[in-house]
Amino acid sequence: MAEYSDIASFEMLFKKHYKFLVLVAFQLTKDEDASEDIVQDFFISYWNRRNEVQIESTFQSYATRAVKNLSLSFLKKQPLSVEITDQNQIEVQTDYLEEEEALHLKESADEKVLGLVNLLPEDRKKVFLQYVVDGLSYADIAKANNISINTVKTQMKRAYAFLKTKAAEDPLSIIFIAILLGKGKL
């Protein structure tokens, strides 16, 4: 991308987006140092590949998606265990799990979340995925689907309500949904 090929432009881009992207990473990792490292790694990688990268939406959307993916990769490398302290409280703690078990848990989580998301009505699922996966704003989703922002808000509210209800039926689902949505959006 030629507009960010000189160091001054790139530095402005970094300053403009750094804090936001650290918050995006922190929302997933809950680790401030790791979040800063992830965002710095993203910017280094972006700088090294700046002439090859083709951004089809905004830089912020592209960067948000990339940082979320890097954060999930970071989490995947962390040992994880789940402790249910009572029926209403589930804690995720870092402990040792065999790598194979952790991979199986992640695959199981992905399948469970995709299964729940696939139960959403088609239009609602499309809006939900554009927000969660693609990182689009409500305004961008409204424009892309030729609907009002209020319709997007309603669809998102209903999608979250549905996922909360399903999670209440299966307490472990809340962990899987939280991982997908960046912990705390529900």
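The values are calculated or read from the model by the stated rules, or taken from the named source; none is laboratory data. What you are looking at is a predicted structure, and each value in this text was computed from that prediction instead of being measured. Cβ: placed from backbone, ideal geometry, glycine included. Neighbour counts: every protein chain shown. Heavy atoms of the whole protein, side chains included, go into the accessibility calculation; ligands, DNA and RNA do not. Shrake-Rupley method; radii C 1.70, N 1.55, O 1.52, S 1.80 Å.
Return the subset of LYS19/LYS68; LYS76/LYS157; LYS77/LYS126; LYS68/LYS125; LYS30/LYS125 for which the Cα-Cα distance in this structure is over 23 Å, preserving the input order.
Numbers: LYS19/LYS68 14 Å; LYS76/LYS157 29 Å; LYS77/LYS126 30 Å; LYS68/LYS125 20 Å; LYS30/LYS125 27 Å.
As for pairs spanning more than 23 Å Cα to Cα, those are LYS76/LYS157; LYS77/LYS126; LYS30/LYS125.
How far apart, in nm, are two points set 7 Å out from the Cα along the Cα-to-Cβ line at ALA139 and at LYS153?
1.4
Run the numbers for TRP47 and GLU122: contour at 0.36 nm per residue of separation, minus the present Cα-Cα distance, in nm.
Numbers: separation 75, 0.36 × 75 = 27.00 nm, distance 3.78 nm.
Residue separation times 0.36 nm, minus the Cα-Cα distance, leaves 23.2 nm.
If you take every residue apart from THR154 with its C-beta less than 12 Å away from the C-beta of THR154, what net charge results, scoring Lys and Arg +1 and Asp and Glu -1? Before the final figure, lay out the partial values.
Details: positive: ARG124, LYS153, LYS157, ARG158; negative: ASP123.
Neighbour charge sum, excluding THR154 itself: +3.
Take the solvent-accessible surface of the protein heavy atoms, probe 1.4 Å, and return the percent of it on region 1-71 that carbon and sulfur atoms account for. Walk me through the numbers on the way to the answer.
Numbers: 2200 of 4250 Å².
Result for region 1-71: 52 percent of the exposed heavy-atom area is carbon or sulfur.
In what sequence, largest accessible area first, do SER57, SER35 appear using a 1.4 Å probe?
Working: SER57 55, SER35 0 Å².
Per-residue accessible area, sorted high to low, gives SER57, SER35.
Could you compute how much accessible surface ARG49 exposes when probed at 1.4 Å, giving the result in Å² to the nearest 10?
My reading of the accessible area for ARG49 is about 100 Å².
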